[in-house]
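Read-outs throughout are calculated quantities, based only on the coordinates presented, and are distinct from any laboratory measurement. Note that the structure is predicted; figures quoted are calculated from it, not measured. Neighbour counts are summed over all protein chains in view; Cβ atoms, including those assigned to glycine, are modelled from backbone coordinates with ideal geometry.
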Ligand code: GLP
């Protein structure tokens, strides 16, 4: 695991945006794995600015998002699809047909998870995956536990995640209790991984994930075993 130490959220965003832009410029047909949450907002802003300046072209890029809440339709402002449209997709020239996010409103989430996993396989896998980390060490919605699901699956969110993510909702009762999420194998099969973590609250968990034993109780610790992963963080100053 390569580690890039940065001093601020702004610097983290800039380093990560540059890595993504460089990847797309080197491989215009990149299959780009994308993440949501507050962490990548700055990254997406910088990518949109670079696109406006003509520094990067997304016309041939395919995107696959990590996860989506169950029970939220794509026009729900709390859905990850809505987030992606607002923060990135409407600002760049990615072809709508090449945007993929699990369908949180699917009547059969198990079938939807299988469809999504097959879709990623049919794309030839993910070239570059952007990841954030939850406060409990989760990546995507792969929650700590006795085992980690390998493939895209319906994930039951832990109390801690529901509480952490309730800041985006008016009432914590509104936070969905499950999601469709890529599995650990889906993510670890990505050619490259960028792991972006900022903020004091996550630093203790991050240190365990990067330097402690690999454990299902900290799903992000599995990233230690990826051979082309970079962590960009302000936690290690
Ligand atoms: C959610 C997402 C994760 C994300 C995490 C951290 O739980 N499923 O992909 O990494 O939130 O979010 P934030 O960046 O807002 O702390």
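Could you work out, for the stretch 9-73, what percent of all Cα-Cα pairs fall into each 5 Å distance bin, beginning at 0 Å and stopping at the bin that holds the largest distance? All Cα pairs, binned at 5 Å, distribute as 4, 17, 24, 27, 16, 8, 5, 1 percent. Antiparallel beta bridges, as assigned by DSSP with both residues in the stretch 1-157, represent about 10 percent of the total such bridges. Taking the Cα centroid of the stretch 152-197 and of the stretch 65-89, what is the distance between the two, rounded to the nearest whole Å? For the stretch 152-197 versus the stretch 65-89, the Cα centre distance is 12 Å. If both residues of a DSSP beta bridge must be in the stretch 118-237, then about 40% of such bridges are antiparallel. Its DSSP H runs of at least 4 residues, each contributing -39,500 (n - 2.57), put the calculated 222 nm mean residue ellipticity of the chain at -9000 deg cm²/dmol, to the nearest 500. Treat the count of other C-beta atoms within 10 Å as a stand-in for reagent exposure and order 178, 79, 122, 73 from fewest to most. So the ranking, lowest neighbour count to highest, is 122, 73, 178, 79.
If you take the alpha carbon atoms of the stretch 39-127 and fit the smallest convex hull around them, that volume is 101 Å³ per residue. In terms of other Cβ atoms within 10 Å, 203, 70 run from fewest to most in the order 203, 70. Just so you know, the Rg over Rh for the chain is 0.93, from Cα atoms, with Rh as the Kirkwood radius. Based on the reciprocal of the average 1/r between different C-alpha atoms, the Kirkwood radius for the stretch 189-231 equals 10.8 Å. Among 225, 12, 188, the ranking by other beta carbons within 10 Å of each residue's beta carbon, starting with the fewest, stands as 225, 188, 12. Spin-label pair residue 59-residue 150: with each label point 7 Å from Cα along the Cα-Cβ axis, the two points sit 4.1 nm from one another.
Once the stretch 114-171 is represented by equal point scatterers at the alpha-carbon sites, with solvent omitted, what log10 I(q)/I(0) does the Debye formula produce at q = 0.12 Å⁻¹? Log10 of I(q)/I(0), two decimals: -0.38. Here, the stretch 143-237 yields an orientationally averaged convex hull projection of 6.6 nm² when only Cα atoms define the hull.
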